[in-house]
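A short write-up of the structure that comes next.
The values are calculated or read from the model by the stated rules, or taken from the named source; none is laboratory data. This is a predicted model, so every value here is computed, not measured. Cβ placement follows ideal geometry from the backbone for every residue including glycine, while neighbour counts extend to all protein chains displayed. Side chains included, ligands, DNA and RNA excluded: accessible areas come from the protein's heavy atoms. Shrake-Rupley method; radii C 1.70, N 1.55, O 1.52, S 1.80 Å.
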Amino acid sequence: MAILIDGKATSFAMKEELKVKIEAFEKENGFAPGLSVIIVGDDPASAVYVRNKENACAAVGIKSTTYRLPGDTAEEELLALIRRLNADVSVHGILVQLPLPKQICEETVLATISPNKDVDAFHAQNVGHIMIGNYHFLPCTPAGVMALLDRYDISVEGKHCVVIGRSNIVGKPQAMLLLEKNGTVTICHSRTKNLADITRQADILVAAVGRANFVTADMVKEGATVIDVGINRLPDGTLCGDVAFNEVEKKAYAITPVPGGVGPMTVTMLLYNTLTAAKESLK
Ligand code: GUN
């Protein structure tokens, strides 16, 4: 049986550690780190994610404010709010929940957030910092994956790491972080030929596809570490990942469950980025 990589417990432990750091920060500087979260529209999944972020902030001592804008908000109105928050010294981190309604250009929005407050690390300037390995903010989900590997003593160095998915949020930055830890990285995607031949070579396999139970046991090498970034909802309402957990777990050395794997870590890394942003604001 594989080692179960427990993201819930790891995230709880990391939040306890962070709470102590934030208490010390507030004592020294007289203010708490502040995060502003903006959600546009009423996408139910986004609403849950935002509520999780609010609760997590409250649990560690970050002062969070959520702006809930209607789904028909004009782009300029959203940009004006972001500019106002950019200029507000009590706001250290700004997060605009994605996806956005179609009348709003995501690229313009992300480019408007001050790079110093971009706790998602989605601004092109921060993406560039990640590429050259000189960064303040790490993208939350890939950073959560790296923290899990670290906490479970799973070394990346020299390993063949295969990432399935090439999104800006997960696949691409994940590949960069694995590379930085001296992994040999392959990025696979929807046009990859002979996908299973490649995934079967993976010592560390990261699935960020967005398709339920996509990674089956025949695609996994015996003894591999399998990290499941997917959160998919089945027709009966249950959550499942991109990995067919029950069959893959029999072959893997270690595996993350869904829920309770990477998901809770994403929020925890956001909280760490917010403290980093507050510290940077003092410089
Ligand atoms: N939507 C899905 N994941 C994310 C994330 O990590 N950050 C933001 N802002 N929106 C998301």
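Scan the stretch 23-44 and tell me whether some residue there is within 16 Å of the ligand (Cβ to nearest atom) and surrounded by fewer than 16 Cβ atoms within 10 Å (Cβ to Cβ).
Residues of the stretch 23-44 that are within 16 Å of the ligand (Cβ to nearest atom), as a first pass: 35-44.
If we keep only those that are surrounded by fewer than 16 Cβ atoms within 10 Å (Cβ to Cβ) too, we end up with 42, 44.
Checking the stretch 23-44: at least one residue is within 16 Å of the ligand (Cβ to nearest atom) and surrounded by fewer than 16 Cβ atoms within 10 Å (Cβ to Cβ).
Can you tell me which residues in the stretch 226-245 are aliphatic (A, V, I, L, M), surrounded by 24 or more Cβ atoms within 10 Å (Cβ to Cβ) and either part of a loop (DSSP other than H, G, I, E, B) or in contact with a Lys or Arg (Cβ under 9 Å, 6 or more places away or on another chain) (or both)?
VAL226, VAL229
Count, please, the residues in the stretch 246-263 that happen to be open to solvent by less than 30 Å² (accessible area, probe 1.4 Å) and among the polar types (S, T, N, Q).
Of the residues in the stretch 246-263, 1 are open to solvent by less than 30 Å² (accessible area, probe 1.4 Å) and among the polar types (S, T, N, Q).
Please state which of the following conditions ASP42 fails to meet, knowing it meets all the rest: (1) touching a residue at least 12 places away in the same chain (Cβ under 8 Å); (2) under 16 Å from LEU270 (Cβ atoms); (3) of a type in the set (D, E, K, R).
Result: ASP42 fails condition (2) only.
Restricting to the stretch 52-62, what's the tally of residues that are touching a Phe, Trp or Tyr at 6+ places or on another chain (Cβ under 9 Å) and open to solvent by 50 Å² or more (accessible area, probe 1.4 Å)?
Quick first cut of the stretch 52-62, residues touching a Phe, Trp or Tyr at 6+ places or on another chain (Cβ under 9 Å) only: 61.
Of the ones still in play, those that are also open to solvent by 50 Å² or more (accessible area, probe 1.4 Å) are none.
The qualifying residues number 0.
Just to verify a result, which residue in the stretch 116-163, among those that are farther than 20 Å from CYS188 by Cα, open to solvent by less than 10 Å² (accessible area, probe 1.4 Å) and outside any helix (DSSP H, G or I), is farthest from the ligand (Cβ to nearest atom)?
For the stretch 116-163, the residue satisfying everything is PHE137.
Select from the stretch 246-274 the residues that are more than 15 Å from the ligand (Cβ to nearest atom) and part of a helix (DSSP H, G or I) and list them in ascending order.
ASN246, GLU247, VAL248
Under 7 Å by Cβ, and 6 or more places apart or on different chains, what pairs join a residue from the stretch 123-150 that is under 13 Å from VAL229 (Cβ atoms) and of a type in the set (S, T, N, Q) with one that is open to solvent by less than 20 Å² (accessible area, probe 1.4 Å) and within 16 Å of the ligand (Cβ to nearest atom)?
So the pair list comes out as THR141/VAL170; THR141/VAL262.
Does THR186 satisfy the criteria of being among the hydroxyl-bearing types (Ser, Thr, Tyr) and either part of a helix (DSSP H, G or I) or within 15 Å of the ligand (Cβ to nearest atom) (or both)? Please lay out each step first, then the result.
Working: among the hydroxyl-bearing types (Ser, Thr, Tyr): yes; either part of a helix (DSSP H, G or I) or within 15 Å of the ligand (Cβ to nearest atom) (or both): no.
For THR186, the condition - among the hydroxyl-bearing types (Ser, Thr, Tyr) and either part of a helix (DSSP H, G or I) or within 15 Å of the ligand (Cβ to nearest atom) (or both) - is not met.
Can you find a residue that is within 30 Å of ALA58 (Cβ to Cβ) and surrounded by fewer than 23 Cβ atoms within 10 Å (Cβ to Cβ) anywhere in the stretch 209-219? Reasoning before the result, please.
First, the residues of the stretch 209-219 that are within 30 Å of ALA58 (Cβ to Cβ): 210.
With surrounded by fewer than 23 Cβ atoms within 10 Å (Cβ to Cβ) added as a condition, the list becomes 210.
Within the stretch 209-219 (the criterion being within 30 Å of ALA58 (Cβ to Cβ) and surrounded by fewer than 23 Cβ atoms within 10 Å (Cβ to Cβ)), the answer is yes, since at least one residue qualifies.
May I ask you to list the residues in the stretch 88-114 that are in contact with a strand residue (DSSP E or B) (Cβ under 8 Å, 6 or more places away or on another chain) and hydroxyl-bearing (Ser, Thr, Tyr)?
SER90, SER114
How many residues, within the stretch 63-111, are open to solvent by 50 Å² or more (accessible area, probe 1.4 Å), within 14 Å of the ligand (Cβ to nearest atom) and in contact (Cβ under 8 Å) with a residue 24 or more places away in the chain?
2
Restricting attention to the stretch 199-207, does a residue exist that is more than 16 Å from the ligand (Cβ to nearest atom), touching a helix residue (DSSP H, G or I) at 6+ places or on another chain (Cβ under 9 Å), at pLDDT 95 or above and open to solvent by 10 Å² or more (accessible area, probe 1.4 Å)?
yes
Hey, can you tell me all the residues within the stretch 201-221 that are under 21 Å from LEU179 (Cβ atoms) and over 19 Å from the mean Cα position of the chain (by Cα)? Steps first, please.
Taking the stretch 201-221 first, the residues under 21 Å from LEU179 (Cβ atoms) are 201-209, 221.
Selection gives GLN201, ALA202, ASP203, LYS221.
Output yes when any residue across the stretch 264-279 is over 30 Å from VAL37 (Cα atoms), of a type outside the set (Ser, Thr, Tyr), at pLDDT 95 or above and surrounded by fewer than 24 Cβ atoms within 10 Å (Cβ to Cβ), and no when none is.
Going through the stretch 264-279, the residues over 30 Å from VAL37 (Cα atoms) turn out to be none.
Scanning the stretch 264-279, I find no residue that is over 30 Å from VAL37 (Cα atoms), of a type outside the set (Ser, Thr, Tyr), at pLDDT 95 or above and surrounded by fewer than 24 Cβ atoms within 10 Å (Cβ to Cβ), so the answer is no.
Output the number of residues of the stretch 204-225 satisfying the condition of being assigned to a loop (DSSP other than H, G, I, E, B) and under 11 Å from ALA252 (Cβ atoms).
Of the residues in the stretch 204-225, the ones assigned to a loop (DSSP other than H, G, I, E, B) are 208-214, 216, 220-224.
Going one step further and asking which of them are under 11 Å from ALA252 (Cβ atoms), we end up with 220-224.
Residues in the stretch 204-225 being assigned to a loop (DSSP other than H, G, I, E, B) and under 11 Å from ALA252 (Cβ atoms): 5 in total.
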